[in-house]
Amino acid sequence: MDKITIYQKPACSTCKEVCQILKDANVDFESVDYYTAPVPKTKLRELAQKLGTSLKDLVRTKEQVYRDLRLAEKNLTEEQLLDLIVIYPDLLQRPIVERGEKAVLAKPARKVKEFLASSVSPDASQILQENTRPEN
């Protein structure tokens, strides 16, 4: 199985929940705190491609920094968006879980279960299914 990487903010409740889901399923994963280890622009482009989304869709529009910079009023290029995400990590959607050639924005956290269910061991898959809780 391909390596699993979660790009996260450790203080984020959804990120914590995704990490716990992975731990409960005995899934080995690497955690990247993109506040202490900024995601390079090339990797951000790659993640957007794996997510099947645009870079604009990776921006958290409800963050204070988004409002402070008045980004809604600007027509930014992809390069400018990448620069801003690297400088202001709060702008990056989270958590992003990557495995091989695919990635998922695990928001809500249960999306990670669907993402992983087909590629983990039968025991882990059963744990993932058993731990599915309805979320609001």
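FYI, it's all coordinate maths here, none of it is from the lab. Computed from a predicted structure; not experimentally measured. Every residue, glycine as well, gets a Cβ built from its backbone with ideal geometry; the counts of neighbours run over all protein chains shown.
Note on I87 and E30: with the Förster distance fixed at 25 Å, the Cβ-Cβ geometry gives a FRET efficiency of about 0.55.
Highest mean packing first, where packing is the average number of other Cβ atoms within 10 Å per residue, the peptides 101-112, 71-82, 47-58 line up as 101-112, 47-58, 71-82.
Using a cut-off of 21 Å between Cα atoms, the listed pairs K9/K41; K23/K56; K23/K113; K41/K102; K62/K113; K62/K102 include K23/K56; K62/K113; K62/K102 as exceeding that distance. Taking Cβ separations below 4.7 Å as the criterion for a possible disulfide partner, the isolated cysteines in the chain are C19.
When the alpha carbon gyration tensor of region 1-77 is reduced to an equivalent ellipsoid, the three semi-axes, largest first, read 27, 16, 11 Å. Fewest neighbouring Cβ atoms within 10 Å first, the residues K23, K43 line up as K23, K43. Dimensions of the chain from C-alpha coordinates, computed as largest minus smallest value along each principal axis and given longest first, are 48, 29, 25 Å. Note on the chain: with charges restricted to the Cβ of Lys and Arg (+1) and Asp and Glu (-1), its dipole about the Cα centre is near 300 debye.
DSSP bridge analysis restricted to region 4-129 gives an antiparallel fraction near 70%, rounded to the nearest 5.
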